[in-house]
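The values are calculated or read from the model by the stated rules, or taken from the named source; none is laboratory data. Nothing here was measured: the structure is a model prediction, and the numbers come from that model. Using ideal geometry, Cβ is built from the backbone for each residue, glycine included, and neighbour counts are taken over all protein chains shown. Accessible surface is based on the protein model in full, side chains and every heavy atom, while ligands, DNA and RNA are left aside. Shrake-Rupley method; radii C 1.70, N 1.55, O 1.52, S 1.80 Å.
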Amino acid sequence: MRGYFGIGVEGISKPMNMGSLIRSGHAFGASFAFTINANYKVREARSDTSKTPKNIPWYDWDSLKDMILPRHCQLVGIELVDEAIDLPSFTHPRCAAYVLGPERGTLSDAMLEKCNHVIRIPTHFCLNVQIAGAVVMYDRMQSFGKFEDRPVMPGGTPPEK
């Protein structure tokens, strides 16, 4: 798969959620992880059993103005707002940084303005931060991966060995 992606959260406060998110990001092939205006304890995430910060870069930005993304990297907000694009109708950028809002909160207005794209997972109510991130990363992998087309009938063919 060409390109890269990073995964991060603005204003997160719970280490378990951040740990689970970056562990999922590591599993899906994230090139970097980041936080913006996060509680200092998020690095204590014991739920990240893959030790992501030892394997990919992790950026802690104190504020949005401090955030510096790689050249050509498009910022994609994941948020339940009316103007967001439904995830199944979204084409992922080749180079992207996906950002989620905090627990019990939303992305800041400044962050939403900075985003090149804002997407939403079409659910009846919000999902846990880690679950939402994993759904988007899976969709990215499915979109860019070289997988066989799904069969018309239930079932599938296992990969050849």
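Quick check: the angle from helix 129-144's long axis to the longest principal axis of the chain, C-alpha only, nearest 10 degrees?
Once rounded, one gets 40 degrees.
Treating only the Cβ atoms of Lys and Arg (+1) and Asp and Glu (-1) as charged, compute the dipole magnitude of the chain about its Cα centre; round to the nearest 20 debye.
So the magnitude is around 640 debye.
Keeping the other protein chains in place, figure out the carbon and sulfur percent of the accessible area of the chain, with a 1.4 Å probe.
Of the solvent-accessible surface of the chain, carbon and sulfur hold 51 percent.
Can you find, among Ile22, Gly77, Asn55, the residue farthest towards the positive end of the dipole of the chain? Put +1 on the C-beta of Lys and Arg, -1 on that of Asp and Glu.
Asn55
Between Lys54 and Arg2, what's the calculated FRET efficiency when r is the beta-carbon distance and R0 is 25 Å? Round to 0.05.
0.45
Give the shape of segment 3-130 as rounded, prolate or oblate, defined through the alpha-carbon gyration tensor: a ≥ b ≥ c are the square roots of its eigenvalues, a/c under 1.5 means rounded, and otherwise the shape is prolate if a/b is larger than b/c and oblate if not.
Rounded is the answer for segment 3-130, as its axis ratio a/c remains below 1.5.
Based on the mean of other Cβ atoms within 10 Å per residue, sort peptides 16-27, 89-100 so the most packed one is first.
Highest-to-lowest ranking by the protection proxy: 16-27, 89-100.
Add +1 for every Lys or Arg and -1 for every Asp or Glu among the other residues with Cβ under 12 Å from the Cβ of Leu100, and state the total.
Net of charged neighbours comes to -2.
Counting only heavy atoms of protein chains, what accessible area per residue, in Å², does the chain have with a probe of 1.4 Å?
I get 62 Å² per residue for this part.
May I ask you to order 6-12, 73-79 by the average number of other C-beta atoms within 10 Å around their residues, highest value first?
Top of the packing list down: 6-12, 73-79.
May I ask for the angle, rounded to the nearest 10°, between helix 15-28 and the longest principal axis of the chain, with both axes built from Cα atoms and the value confined to 0 to 90°?
On a 0 to 90 degree scale, this one is about 40.
Hey, what number do you get for the chain at 222 nm if only DSSP H runs of n ≥ 4 count, each worth -39500 (n - 2.57), divided across all residues, to the nearest 500?
-7000 deg cm²/dmol
Cα centroid distance between segment 59-123 and segment 3-27, in Å?
13 Å
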